[in-house]
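Inspection log for the structure reproduced underneath, given as structure tokens.
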Amino acid sequence: MSDEVVGATALIVMLVLMMLRIPIAISMVVPTVLGILYMENWTVLSAAVESIIFNRSFNYTLSTIPLFILMGEMLNVTGISSELYSTFRIWFGKLKGGLGIATIGASTLFSAASGSSLANTGTIGVMSSKEMLKHGYSKALTGGSIVAGGSLGILIPPSTVLIIYGMLTEQSIGKLLLAGIIPGIMLAIAFMLTIYVIVLIKPEMAPIVENRSSWKDKFVSLKNTIWILILFFIVIGGMFVGFFGPTEAAGVGAFFAIIIALVRKKLNWSSFIQTIVRTTRTSGFIYATVLCAFLFNYFLTISKVPMMVSSTLADSNLSPLITFLLIVLLYLFLGAIMDSIAAVVITIPFVMPIVLNMGHDLIWFGIIVVLLVEAALISPPYGMNILILNGVVPELDIWTIYKGALVFLIPILLIIAIIYMFPNLALYIPERMF
Amino acid sequence: MIITKVIDSFTRTIKWIAMVCLLFMVLATAVGVIFRLFSSPIVGNDEIVAIFQVFLIMFSLAFAQAEDRHVKIGIIVDKMPMRIQYVIDVIGYLITSIFSFIVAYIFMKATYYNMTQFAEVTLLLEFPHHLLKFVTALGFLLWGVEAINQIIKLFLRLKQVKQNEKEAS
């Protein structure tokens, strides 16, 4: 068997193992170990395992992941999320679909502290669903707004998926995180407009909510956003002006999040320990997946499969747009059947050479990948945000949420098209980074 | 069963070590930035964080396994009969433990090599590599042991289910 055939067979074995509910990390390393043993020998395998696992674990940049996770978890216990929601409710509650718009607004700001869509959906989902359902909002619109807003968590910095993408493609994590800001804000506005248009067409989906807030109330409510904004400006602003790198930004962010929780008197010993436990657990599975992905990528590289795929596509004379659409379809398909991190780690080795061949920027492509993963997060059958929302709000059944979420795929695909046509929207801020 | 209790207590212990390392990582980065602010940067601060990270990674792997949190796709298997799910899970845990033991073995050998023939240290703090490699070996060993622990627990659960069915009939 040629190396390419071994690589292709390994890919099939990996997908079969994944579908058999074997952990993704292990599904990647089984064909890696067997493939290297078949193509090379034990000495090569042990050298690769030792150097890849050691060098990647003893890596300062990788520590960005647990530190940002801790920052998000810590802010979660401060109760800031409910205050954010009430602020946006005061500002937008009077509009058609105002509570849905408030949900998107609160999710957008909470995303600036949490790097995870799942945490975003779970946190905002509990309180906004109560409010929306109490005021007669349809279950589909309620579920759809929450999961769409939750998906912003991986686009607006900090973002775990972007950090992992940066590690795999060896791109600047700082630039990647900053690149998510403009598309994130655009997508949040697009989601809000989508809700507004839905309610214009079907007013029965969201009855008008009485809202007697004065301008004074509105401005007073802005104080609720201060903590998140301060943290965002310290962490992301600090990175932008070059005061610190991504890892320092994450460490300082986590440290300030602990201070905020203490100042607001929301942190007791038990909640502190629980937060650290959750962060350690999440870090455990992310680290396992990332380390195994690096091993898998090494194996694919020596099997020359990514190069083969890339040169086949180049020889096929497909137009760049068609190739791009094929990549979009690949991510939508994979994202619909697997976890977002898994979809990113298994595709990057193939897709990266293709994207580079097409002359695209990998920072720009990172944003496209995250937008596609966002679409996958709210698509059946494996839309993780939907499963999470159903878990925390059981009265919103899965199919109703799917129905409600489907319409939010339109703004995501629209933003992808806009970013494809105007790459500078993603690259504007990173190119101005100090 | 005594063996599962012993493994559980090991995992609980390393979980606490991982948690402390996480806090040290936060502290080291924040203190590093503050010191730099006052123009006296801490030499090797990056290495301190990376060293704590090695401990965090290696000791959180087994903990994530104990809580069954490693990412899986249950889209097909979730719909299968319970017994088939158990069989597939046992296979998954077995493969996990075999892989973990292979990595642990490779790192044990690397530790021995670094200790006896080729001593390596980190660039700035001169922290010995063999200690980090030993922690890596230990982490993967415990991950593998925890995967076996899951198999034992699965069999115990199955035994309990059978017993309940017997009593009910």
How many residues, within the range B:98-115, are of a type in the set (A, V, I, L, M, F, W, C) and at the interface with chain A (Cβ under 10 Å from one of its Cβ atoms)? 7
Could you check the range B:73-87 and list, in sequence order, the residues that are facing chain A (nearest Cβ under 7 Å) and either surrounded by fewer than 16 Cβ atoms within 10 Å (Cβ to Cβ) or touching a residue at least 12 places away in the same chain (Cβ under 8 Å) (or both)? B:G74, B:I75, B:I76
Answer yes or no as to whether B:I57 is open to solvent by 10 Å² or more (accessible area, probe 1.4 Å), part of a helix (DSSP H, G or I), under 25 Å from A:P246 (Cα atoms) and touching a residue at least 24 places away in the same chain (Cβ under 8 Å). no
Apart from one, (1) touching an Asp or Glu at 6+ places or on another chain (Cβ under 9 Å); (2) open to solvent by 10 Å² or more (accessible area, probe 1.4 Å); (3) among the aliphatic types (A, V, I, L, M) all hold for A:I154; the odd one out is (2)
Single match in A:V220, A:V277, A:V252 (criterion: open to solvent by 20 Å² or more (accessible area, probe 1.4 Å), without any contact (Cβ under 8 Å) to a residue 24 or more places away in the chain and out of contact with any His (no Cβ under 8 Å at 6 or more places or on another chain)): A:V220
Determine which member of the set A:G383, A:G404 is within 14 Å of another protein chain (Cβ to nearest Cβ), under 29 Å from A:M205 (Cβ atoms) and touching a residue at least 40 places away in the same chain (Cβ under 8 Å). A:G383
Residue that is at the interface with chain A (Cβ under 7 Å from one of its Cβ atoms) and either more than 30 Å from A:M18 (Cα to Cα) or not small (G, A, S) (or both), where the choices are B:I95, B:I91: B:I95
Specify the residue that is nearest to B:A137 (Cα to Cα); the eligible residues are those in the range B:60-112 that are hydrophobic (A, V, I, L, M, F, W, C) and part of a loop (DSSP other than H, G, I, E, B). B:V71
Mind checking which pairs have a first residue in the range A:340-365 that is touching a residue at least 60 places away in the same chain (Cβ under 8 Å) and a second that is of a type in the set (D, E, K, R) and part of a helix (DSSP H, G or I), Cβ under 7 Å, 6 or more apart or different chains? A:I363/A:K175
So how many residues does the range B:30-59 have that are modelled with pLDDT of 95 or more and facing chain A (nearest Cβ under 7 Å)? 6
Could you say which residue among A:V33, A:V29, A:V16 is without any contact (Cβ under 8 Å) to a residue 12 or more places away in the chain and closer than 22 Å to B:V90 by Cα? A:V16
From A:L17, A:L37, residue being open to solvent by 10 Å² or more (accessible area, probe 1.4 Å) and under 30 Å from B:K79 (Cα atoms): A:L17
Of (1) modelled with pLDDT under 90; (2) farther than 26 Å from A:G144 by Cα, A:Y85 fails just (2)
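Yes/no matrix, rows are residues, columns are (1) closer than 21 Å to A:G245 by Cβ; (2) in contact with a helix residue (DSSP H, G or I) (Cβ under 9 Å, 6 or more places away or on another chain):
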| residue | (1), (2) |
| --- | --- |
| A:T142 | no, yes |
| A:L162 | yes, yes |
| A:Q171 | yes, yes |
| A:L177 | yes, yes |
| A:I181 | yes, yes |
| A:A190 | no, yes |
| A:V197 | no, no |
What's the total number of residues in the range A:381-433 that are open to solvent by less than 30 Å² (accessible area, probe 1.4 Å) and of a type in the set (G, A, S)? 4
A:I208 versus (1) in a helix (DSSP H, G or I); (2) modelled with pLDDT under 90: which is the lone unmet condition? (1)
Just the residues that are under 15 Å from B:V54 (Cα atoms) and in contact (Cβ under 8 Å) with a residue 24 or more places away in the chain, please, taken from the range B:104-124. B:A104, B:F107, B:T111, B:T122
If we scan the range B:136-154, do we find a residue that is in contact (Cβ under 8 Å) with a residue 12 or more places away in the chain and open to solvent by 80 Å² or more (accessible area, probe 1.4 Å)? no
Please state which one of A:A257, A:A288 is within 13 Å of chain B (Cβ to nearest Cβ), within 19 Å of A:L231 (Cβ to Cβ), open to solvent by less than 10 Å² (accessible area, probe 1.4 Å) and among the aliphatic types (A, V, I, L, M). A:A257
Residues (within 9 Å of the chain's Cα centre (by Cα) and under 22 Å from A:L413 (Cβ atoms)) located in the range A:158-169: A:S159, A:V161, A:L162
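Go through the range A:35-61 residue by residue and tally those that are out of contact with any helix residue (DSSP H, G or I) (no Cβ under 8 Å at 6 or more places or on another chain) and either within 28 Å of A:A249 (Cβ to Cβ) or not in a helix (DSSP H, G or I) (or both).
2
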For residues in the range A:291-331 being in contact with a helix residue (DSSP H, G or I) (Cβ under 6 Å, 6 or more places away or on another chain), open to solvent by 50 Å² or more (accessible area, probe 1.4 Å) and part of a helix (DSSP H, G or I), which is modelled with the highest pLDDT? A:Y298
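The values are calculated or read from the model by the stated rules, or taken from the named source; none is laboratory data. None of the values given here were measured: they were computed from a predicted structure. Note: ideal-geometry Cβ built from the backbone for every residue, glycine included; neighbour counts use all protein chains shown. These area figures cover heavy atoms from the full protein model, side chains too; ligands, DNA and RNA do not enter into them. Shrake-Rupley method; radii C 1.70, N 1.55, O 1.52, S 1.80 Å.
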